[in-house]
Amino acid sequence: MSAPTENRSTVTEREARQVAEAARERDWHKPSFAKELFLGRFRLDLVHPHPMPAEESVRRGEEFLAKLRAFCEAEIDSARIEREARIPDEVVAGLKELGALGMKIDPKYGGLGLSQLYYNKALALVGSVSPAVGALLSAHQSIGVPQPLKMFGTEEQKDAFLPRCARTDISAFLLTEPDVGSDPARLATTAVPDGDEYVLDGVKLWTTNGVVADLLVVMARVPKSEGHKGGITAFVVEADSEGITVEHRNAFMGLRGIENGVTRFHRVRVPAGHRIGPEGAGLKIALTTLNTGRLSLPAMCAGAGKWCLKIAREWSAEREQWGKPLALHEAVGAKISFIAATTFALEAVLDLSSQMADEDRNDIRIEAALAKLYGSEMAWRMADELVQIRGGRGYETAESLKARGERAVPAEQMLRDLRINRIFEGSTEIMHLLIAREAVDAHLSVAGDLIDPAKSLPEKAKAGAQAGVFYAKWLPKLVAGPGQLPTSYGEFRHGVDLSIHLRYIERTSRRLARATFYGMSRWQGRMETKQGFLGRIVDIGAELFAMSAACVRAERLRTRDEHGREAYQLADAFCRQARIRVEELFGRLWTNTDDLDRKVVKGVLGGAYTWLEEGIVDPSEDGPWIADATPGPSTQSNARRPYGS
């Protein structure tokens with residue numbers, strides 16, 4: 001077994017939590033539908049009537065979508081990208097000419113100035129023909145240079161960089177390191193002040209767009225010194241700067257066309273004017289950027305659902321088994337119904353969250369996180385069901401199908417391409433913890449000191465008094481509500497009755513809040529270690545949010561005479577399916593194997609079950625589990641390959 005990397009940083013669990021907590025946006029200046037939902041307050045008024053985009057925004061958005069669709073149909077060869085594991089230069093050049101690099105950039109900087117709603121529609125469209133191209137555009141605009149500069153950059157920085165990002169330059173976001181994933185407290189890349197510059201040293205991993213990028217957003221740790229606050233800090237860095245080496249282009253099970261690599265910084269000099277925000281604000285900038293940036297992934301997940309539905313419908317109508325179309329067999333029909341209803345709900349969640357982001361009336365940090373979590377999980381399930389519906393043809397590659405004379409349907413590729421979304425920009429497990437932290441924020445705000453071992457007895461006494469006042473007002477409101485009145489939400493009865501689902505959401509929101517409170521009362525300071533419990537709490541909230549979005553979207557389509565009857569049917573089907581999942585999750589809150597699982601894990605790590613591993617040959621090769629990331633000059637050739645070079 002290889003020895004651990006010598007330069008690996010070590011921090012305590014408490015230190016790691018403190019870094020993450022310091023980066024959180026703690027204040028809630030605007031209402032949040034999802035936050036209220038977790039607190040047992042079903043604020044339908046925050047999302048209904050469904051917010052609508054301005055006419056001018058729609059006109060510009062639809063105009064661009066028409067051009068983008070024509071380009072996708074004529075110029076993007078998805079099979080070639082999959083085969084060659086590379087997006088052709090001419091495709092990127094065409095996207096630049098269309099203005100697709102600047103969809104979210106203000107027109108005064110040369111961008112298109114599209115709304116979040118139409119930006120996501122564009123990503124869904126592009127992602128449907130090639131998820132790799134969708135990832136290129138998303139990484140460039142959602143988390144790359146444009147978004148953090150839009151939110152935190154100076155006017156000088158915007159003038160210098162945004163016109164380039166809008167038309168010519170590809171950008172990338174560099175946070176992850178070989179030994180640093182979702183725990184930024186151990187970030188090892190440094191940025192040492194030197195006069196009017198900073199000197200960067202370190203290694204970054206999984207740099208989507210990093211192999212081809214012209215501009216980088218780099219997170220590095222500034223040492224604390226006289227005149228320097230220090231801390232994790234964000235910088236805009238020219239990708240061709242001396243001392244930057246792209247040491248490797250990574251290859252993955254899916255998204256084979258993405259340019260994702262390992263980038264080394266050795267004494268890279270960056271002007272102080274390229275620092276985004278103050279020193280120490282880098283992690284907060286990253287997390288705030290992700291609040292809306294996360295919506296790009298559910299956009300492509302919703303697009304994937306649409307494609308899965310199309311293929312499932314066409315194939316199941318064509319394929320016959322035992323004398324009737326495949327779709328009419330109940331086992332297959334249930335899968336098709338799930339795909340149709342869930343696609344409707346995913347688009348509802350996406351459109352609602354996007355429009356709320358555009359209006360900026362609500363705080364959507366939880367909604368965006370739920371959309372990412374729910375979209376990535378459900379899209380994967382839908383693609384898996386499509387592969388099952390297609391049978392052996394679902395497992396066969398599109399190239400093989402075509403070679404033997406059948407329609408080249410890349411179902412297995414879709415499954416591979418979608419798998420990363422459950423990891424990208426916060427894994428499902430990390431999203432559970434992130435959302436759970438926000439969901440219990442109200443509790444920790446009033447009672448956090450009670451369970452903090454570092455607090456003194458007087459501080460705990462004060463917290464106890466504050467908690468008593470809060471819970472005396474809050475708990476009685478969880479007993480009864482509109483969900484118990486059969487006449488509530490009557491405006492959602494039109495042929496199909498969706499009011500029953502809204503009443504269920506209201507009742508279940510209060511039930512969810514009671515369960516959360518009980519969990520906090522039971523485990524107190526150990527609550528954060530109950531990740532199984534917290535994950536189920538979040539998953540229940542995600543289902544309730546999706547149900548709300550589906551019902552509100554159905555009513556909007558009905559009032560606009562846009563497939564209203566069918567929308568009501570799909571919303572009803574989705575809500576009934578979701579309710580079954582919710583009840584199962586509630587059951588698993590208290591009846592589960594969490595404690596037993598912990599015992600088994602200790603046995604596994606302690607070597608008690610190594611006998612179970614006998615009888616196999618491990619094809620893995622020798623080598624360290626985590627690559628050495630010791631700062632220093634690169635010993636490898638530069639794999640950087642800007643488009644068009």
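The values are calculated or read from the model by the stated rules, or taken from the named source; none is laboratory data. Predicted, not measured: the structure shown is a model, and the values here were computed from it. Ideal geometry is used to build each Cβ from the backbone, glycine not excepted, and the neighbour counts take in all protein chains shown. Only protein heavy atoms, including side chains, enter the accessible area calculation; ligands, DNA and RNA are left aside. Shrake-Rupley method; radii C 1.70, N 1.55, O 1.52, S 1.80 Å.
Does the stretch 607-620 contain any residue that is over 29 Å from the mean Cα position of the chain (by Cα), without any contact (Cβ under 8 Å) to a residue 12 or more places away in the chain and open to solvent by less than 60 Å² (accessible area, probe 1.4 Å)? Before you say what the answer is, go through the steps one by one.
Applying the first criterion (over 29 Å from the mean Cα position of the chain (by Cα)) to the stretch 607-620 yields 607-620.
Adding the requirement that they be without any contact (Cβ under 8 Å) to a residue 12 or more places away in the chain leaves 607-620.
Subset that is open to solvent by less than 60 Å² (accessible area, probe 1.4 Å): 607-608.
For the stretch 607-620, residues over 29 Å from the mean Cα position of the chain (by Cα), without any contact (Cβ under 8 Å) to a residue 12 or more places away in the chain and open to solvent by less than 60 Å² (accessible area, probe 1.4 Å): present.
Please go through the stretch 621-632 and pick out each residue that is over 32 Å from the mean Cα position of the chain (by Cα) and either of a type in the set (S, T, N, Q) or loosely packed, with under 10 Cβ neighbours inside 10 Å (or both).
Matches in the stretch 621-632: GLU621, ASP622.
Just give me the residues in the stretch 187-204 being within 9 Å of GLU177 (Cβ to Cβ) and open to solvent by less than 30 Å² (accessible area, probe 1.4 Å), in sequence order.
Listed by number, the residues that qualify are LEU187, THR189, GLY202, VAL203, LYS204.
Any residue at all in the stretch 516-527 that's over 30 Å from LEU557 (Cα atoms), surrounded by 14 or more Cβ atoms within 10 Å (Cβ to Cβ) and not hydrophobic (A, V, I, L, M, F, W, C)?
yes
Is at least one residue of the stretch 491-511 at pLDDT below 90, farther than 24 Å from ARG556 by Cβ, open to solvent by less than 20 Å² (accessible area, probe 1.4 Å) and in a helix (DSSP H, G or I)?
No, that holds for no residue.
I'd like to know if the stretch 320-336 contains one or more residues that are at pLDDT 95 or above and among the acidic types (Asp, Glu).
no
Any idea how many residues of the stretch 325-375 are farther than 30 Å from ALA54 by Cβ and open to solvent by 10 Å² or more (accessible area, probe 1.4 Å)?
Of the residues in that region, 15 qualify.
What are the residue pairs meeting all of these: first residue in the stretch 371-389, first residue within 17 Å of MET356 (Cβ to Cβ), second residue of a type in the set (S, T, N, Q) and surrounded by 24 or more Cβ atoms within 10 Å (Cβ to Cβ), Cβ atoms under 6 Å, and 6 or more apart or on different chains?
Going by the 6 Å Cβ cut-off, the qualifying pairs are ALA371/SER353.
Tell me which residues, restricted to the stretch 124-146, are among the polar types (S, T, N, Q) and open to solvent by 10 Å² or more (accessible area, probe 1.4 Å).
SER128
Return the only residue of VAL211, VAL218 being closer than 18 Å to HIS248 by Cα, touching a Ser or Thr at 6+ places or on another chain (Cβ under 9 Å) and outside any strand (DSSP E or B).
Working: VAL218 fails: outside any strand (DSSP E or B).
Being closer than 18 Å to HIS248 by Cα, touching a Ser or Thr at 6+ places or on another chain (Cβ under 9 Å) and outside any strand (DSSP E or B) holds for just one of VAL211, VAL218, which is VAL211.
Might you check whether a residue that is of a type in the set (S, T, N, Q) and free of Cβ contacts under 8 Å to residues at least 24 places away in the same chain occurs anywhere in the stretch 575-598?
yes
Need the failing condition index for ALA542 against (1) open to solvent by 70 Å² or more (accessible area, probe 1.4 Å); (2) of a type in the set (A, V, I, L, M); (3) at pLDDT 95 or above, just the number.
Unmet condition: (1).
Is there a residue in the stretch 57-79 that is out of contact with any Cys (no Cβ under 9 Å at 6 or more places or on another chain), of a type in the set (Val, Ile, Thr), closer than 30 Å to GLN413 by Cα and not in a helix (DSSP H, G or I)?
Yes - at least one qualifying residue is present in the stretch 57-79.
Please go through the stretch 281-296 and pick out each residue that is open to solvent by 10 Å² or more (accessible area, probe 1.4 Å) and either at pLDDT 95 or above or of a type outside the set (Gly, Ala, Ser) (or both).
Scanning the stretch 281-296 gives LEU283, LYS284, LEU287, THR288, LEU290, ASN291, THR292, ARG294.
Would you point out the residue of the stretch 111-121, among those that are hydrophobic (A, V, I, L, M, F, W, C) and in a loop (DSSP other than H, G, I, E, B), that is surrounded by the most Cβ atoms within 10 Å (Cβ to Cβ)?
Here the answer is LEU114.
Looking at the stretch 122-208, what helices (runs of 4 or more DSSP H) fall wholly within it and have at least 1 residues that are among the charged types (D, E, K, R)?
Those helices (runs of 4 or more DSSP H) span 146-152, 155-167.
Does the stretch 282-289 contain at least one residue that is over 24 Å from SER32 (Cα atoms) and hydrophobic (A, V, I, L, M, F, W, C)? Give the derivation first.
Step one: filter the stretch 282-289 for residues over 24 Å from SER32 (Cα atoms), giving 282.
From what is left, the residues that are hydrophobic (A, V, I, L, M, F, W, C) are none.
No, the stretch 282-289 contains no residue that is over 24 Å from SER32 (Cα atoms) and hydrophobic (A, V, I, L, M, F, W, C).
How many of the residues in the stretch 44-61 are open to solvent by 30 Å² or more (accessible area, probe 1.4 Å) and in contact with a Lys or Arg (Cβ under 9 Å, 6 or more places away or on another chain)?
Step one: list which residues in the stretch 44-61 are open to solvent by 30 Å² or more (accessible area, probe 1.4 Å), which gives 45, 48-49, 52-56, 58-60.
Cutting the leftovers down to in contact with a Lys or Arg (Cβ under 9 Å, 6 or more places away or on another chain) gives us 48-49, 52.
So the answer is 3.
Which count do you get for residues in the stretch 208-258 that are under 22 Å from the mean Cα position of the chain (by Cα), open to solvent by 30 Å² or more (accessible area, probe 1.4 Å) and closer than 17 Å to SER171 by Cβ?
0
Quick one: in the stretch 70-110, of everything that is open to solvent by 10 Å² or more (accessible area, probe 1.4 Å) and small (Gly, Ala, Ser), which residue is farthest from the chain's Cα centre (by Cα)?
Applying the filter and picking the extreme gives ALA74.
Restricting to the stretch 297-324, name every residue that is over 30 Å from MET103 (Cα atoms) and open to solvent by 30 Å² or more (accessible area, probe 1.4 Å).
ARG313, GLU314, TRP315, ALA317, GLU318, ARG319, GLU320, GLN321, TRP322, GLY323, LYS324
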